[in-house]
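A short reminder: the numbers here are calculations on the coordinates, not readings from a lab. The structure presented is a predicted model; accordingly, all values stated were derived computationally and were not measured. Positions of Cβ are backbone-derived with ideal geometry, glycine not excepted, and every protein chain shown enters the neighbour counts.
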């Protein structure tokens, strides 16, 4: 395992932790973007340039901004959450999450021996990705396009203000 | 000789690197390039500011800066010194960390963009297979810094400005991307180097730049508009509309941070202009066949400067848009037009050689322009507008 | 596990037109779908779409017809099929497909042409109806399904379209559902035809069991091709029927239902509650003829194993049913007063003729009558519609009269239709087609069927002439006895009448004994043109008989009803002559009553039994259980009251806490649910890994 | 240490963190953030398996990741829209207060 990997991984995990632990929601969102960036870097380390940059474009460019907008629109960053930022059942949640991590980690460790070892970087060009998208995966692509359109319209309608007078 | 002149920077780098042990050469080479970029563009930025101020002065029938140095040439230096020496004020209730990070993130993100711009033959830092995507990813992450700046200053003007800026950038990023997709469709590659190479040959003496094709031209127009908006230049400079919200998201910035923002803005301008040049105007390729002996990097920077001049000229000419006009324009005209441009490109691609496809595609483009203009930009009666940014 | 695969068998032999034959039904169906989406006020678009779609079908079917015709002219039998697998279940697969052969070609041209005319006519007729668009939606759907029936090469596909046709018929009969009578009629039609369809379905299943395919023709492996037929002939069913014959009869039962043959004819007259164009299109020209077409389609089944000059049990059955229906319906028609009912019964009787024709003389004879009948009967119906329209929605013939002056064009066309129906010699198509049937009957006497059918059919012809004369003289002669002033209908209604009238007269030319073009076409023989056939003695005798019969009928009718305009109140001429007969005829041989007394009564009875069972047997059981529990509860109460009060309270608490536990799980807080979800994931993952390790 | 295992562990950790966030925070938006984290962890797994899998040339894992990125964008848009609407309805995004479905 390269040194860079551990650095980036640490960065990512730290970002994730901060995202769920910080008090101010905007800070959480920003921390989240750090996590996203870290993930993008991990993707790059995995020779998945396309996915990495798509990650940055979509998550940092769009999702993070969306979240921030939502935070501002719901005034969640101003209003101090009375009774702490954690729900009163936080312990149970924490236990469950920990349990999940334990199980997953266990699974990985268990099977660590059988996992494939360091292999040379697969030489995939964007051309190939494009061909795959337009070839074998064209149907999912179309469906995804449909879904995105639906989501766009749906989100717009859900978040729309019914002005007085209209229905 | 001329080849050497063309490759002068590359050769220089190699010469420098040659002093080092082989194991270091790669790293150091990259570092040199980075340093070069970081050195060149701020200089250009200083020139651009000077040019802008003087140019605007002329347009507005007054002398621009003319005190510092001969014809006020040293004005930018003076500005630099001033902003460096000024006190750096952070508002009391501001979120200090974010407030500090914002300009840094902006500048970093913007400079990242240059990593993939070919500024001359063999003059690209990294020739990524996905460089265009990378570029846009970087551009996208500038939005975040803008928001950080606006939000962290705890100032309603800043917040308004940030919101405006983000909304505007997101809305215009879509057409920006889509208009470049056309080029990708034609070149069959996301690599900017390929794009330039694809344009760098001539029919007769005329170059085959994409801007001269119907879809290319349409894409070019859209790209110019969208990039103007993306860089918050007038007439899309609502985010920093002095008359409405002081200086928008960097109202609360001063001193060096302010300078950084200023720098970031202009460098982003350069970056976008460089991208546009690469995509539509043949990058470092010469405009006429018998002029191709002129070093490639000269062409590139000439074109970029031309682009900047155009920006300045527009700023001196057009009034500022209104928010609703801005959005309507983005979603009702530019987006549909761009989307259809994709179709035109596809038609072009599959109609094969011949004069017919020129005819058809031009007709399509013009027709759609007229159609979208009529339907999308119909003038509604202007009633009372409600601004809801943070309701 | 069913995976659906739609793979067209690469059929190089099939020509382009055969390949795109599916468009013919598809276009109207799509159109109806489009119309269904239109809002009520969009009348003109709806009509345009419907008519346009059917126009397309007409053009296509004309092309198809031309194709077949050219093939025939070059002397080879054109039968092109396009089959594809619809459902694949393991090895077994159900195929669908369509066929283009003379039979289908002729039928599809007829359906689309008549349909088109009737569509146009409906614009005028339904002008003032608020559900105009719905009407056209149904009509288009019907036309599409009907064309589907015509072209389908798979009995399953045919059955599907058949059922859609039935549905649309139901919808259209009940189009004015606010009229209780219409609603009832729709229900009646639907249920009655169901009875037939059950047998039809049985036939299909049996056919599949026998031959393992549902395709009619499939390059040698189809159900109607010698290989399969041989197999079916080998196996014997009950009563000396071969499997082929039995299946044929079962399918024929379906046809009986649809074509209103005895004893399932009862729905057809009531179906006249629907709008007149519907009566003309569905219940005169096409749907009821679908039964006949079906029989013609599966004719090889019926005919299987016939010795030359002989006949089969199935064919005999068909013949008798047809002949009896013909006379029987004609008799009833005499005593009806509703202009459309008369036509309805006449339709039933004509369908009887067609069946008899099929049974006696083969496909061509029956189909020829089907075609001609389709034209003149729809002509008559639309004429009737025009009359009804012109005399202010009056349907009782006794309240009309003298309309020949009021609406001359309608009168002329109607007269043409009427004469064609009566089989007026030489000049009218009906004559030739009916003569064909009579000739076949005469010819078949030798084949052991006996003289019965011939006699019946001749008698039927006489009755036909009689009741049509009665109707016409009631409606068009004498003096106007209705209220208000009759008026001629609009051009859009009369124009189709004229066109149909032309066909009603001219169509005879293609089936004269001198030039049996139609017969030749369907049976793929060259049809020489020889006037010698007119010289043949049997032709003359036949001509003599039928003309004589027709003239007697006309004369009798005119003598009894001609030009005297009886008041609606006073009894009918025939009633005066012989009341008891009249009464029987007027009440349709009490068929509805008989059914009411038997079938329906039985159902009521059964329902009552079921009700009783529910009420007392099952209900009683439930009541008993309830009683038991109540007793138990009583006991409990006693226990609690005396002594174990604490226990009682305790149990209450138990219950409460239990309920509370359940309720507490429903916190309505999303995180609780999410948590449970995650917990489940954890457990699952754990189990998975545990099971997979080592 | 096995490279793939490292990536998987990081992914698992991220997933757990996301889950914890979604389960323990009061604010609805935070729940969404947690979900985003989980999604990204899954993506990381996909990419990692693609990279070290037997047939990277088939691009399967990569495609999964790309599609899931796309879907995640849609999911975020709709989810945030819902949250905003809930905020309009209940004037709060505190999930402890939003329990109308309480049985």
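First measure r as the distance between the Cβ atoms of residue C:201 and residue A:160, then evaluate 1/(1 + (r/R0)^6) with R0 = 45 Å and state the FRET efficiency to the nearest 0.05.
0.25
Roughly speaking, what is the centre-to-centre gap between the range C:390-412 and the range B:298-376 when only Cα atoms are used, to the nearest Å? Distance between centres, Cα-based: 71 Å. Counting neighbouring beta carbons within 10 Å and listing from fewest to most, the residues A:2, C:279 come out as A:2, C:279. Using alpha carbons only, the radius of gyration of the range B:87-376 set against its Kirkwood radius gives Rg/Rh = 1.00. Take each residue of peptide A:145-154, count the partner chain Cβ atoms within 10 Å of its Cβ, and average: the result is 3.
Report note on the peptides C:589-598, A:91-100, D:56-65: ranked by the mean count of other C-beta atoms within 10 Å, highest first, their order is D:56-65, A:91-100, C:589-598. Tell me the angle of helix C:287-297 to the major Cα principal axis of chain C, expressed in degrees between 0 and 90 and rounded to the nearest ten. The two axes meet at around 80 degrees.
Return a whole-number percent for the relative contact order of the range D:3-90, with Cα pairs under 8 Å and 6 or more residues apart as the contact set.
Working: 77 pairs, mean separation 24.0, N = 88.
Reported as a whole number, the value is 27 percent.
Note: relative contact order over the range A:1-78, using C-alpha pairs below 8 Å and six or more positions apart, is 29 percent. Taking N as the residue count of the range B:231-359, its C-alpha radius of gyration divided by 2.2 N^0.38 Å amounts to 1.38. Which of rounded, prolate, oblate describes the range A:1-78, given a ≥ b ≥ c as roots of the alpha-carbon gyration tensor eigenvalues and a/c under 1.5 marking rounded, otherwise prolate only if a/b is larger than b/c? Here the range A:1-78 falls in the oblate category. Averaged over the residues of B:138-148, the number of partner chain Cβ atoms lying within 10 Å of the residue Cβ comes to 5. For the peptides A:4-16, C:328-340, the ranking by packing is C:328-340, A:4-16, with the highest mean count of neighbouring Cβ atoms within 10 Å listed first.
Counting only the Cα atoms, the range D:3-90 fills a convex hull of 62 Å³ per residue. Relative contact order of the range B:87-376: 24 percent, from C-alpha pairs under 8 Å at least 6 residues apart in sequence.
Rounded to the nearest 10 degrees, the angle from helix C:313-334 to the longest Cα principal axis of chain C is 70 degrees. In plain terms, the residue of C:161, B:309, C:422 with the fewest other Cβ atoms within 10 Å comes first and the most crowded comes last, giving B:309, C:161, C:422.
Along its principal axes, chain A has C-alpha extents of 62, 43, 25 angstrom, given from the largest down. What angle, in degrees between 0 and 90 and rounded to the nearest 10, separates the Cα long axis of helix C:491-506 from the longest principal axis of the Cα atoms of chain C? That works out to roughly 60 degrees. When Rg and the Kirkwood radius Rh are both evaluated on Cα atoms of the protein assembly as shown, their ratio Rg/Rh stands at 1.12. Sorting C:212-224, B:60-72, B:210-222 by their mean Cβ neighbour count within 10 Å, with the most densely packed peptide first, gives B:210-222, C:212-224, B:60-72. Averaging the Cα positions of each part gives two centres, and for the range C:415-476 and the range B:70-130 these lie 103 Å apart.
Within 10 Å of the Cβ of each residue in D:50-62, the mean number of Cβ atoms contributed by other protein chains is 6. Note on residue A:112 and residue A:91: with the Förster distance fixed at 35 Å, the Cβ-Cβ geometry gives a FRET efficiency of about 0.65. In whole percents, the pair-distance distribution calculated for chain C from its alpha-carbon pairs, binned every 20 Å from zero, is 16, 45, 22, 10, 6, 0.
Note on D:52, C:177: ascending count of other Cβ atoms within 10 Å places them as C:177, D:52, the fewest first.
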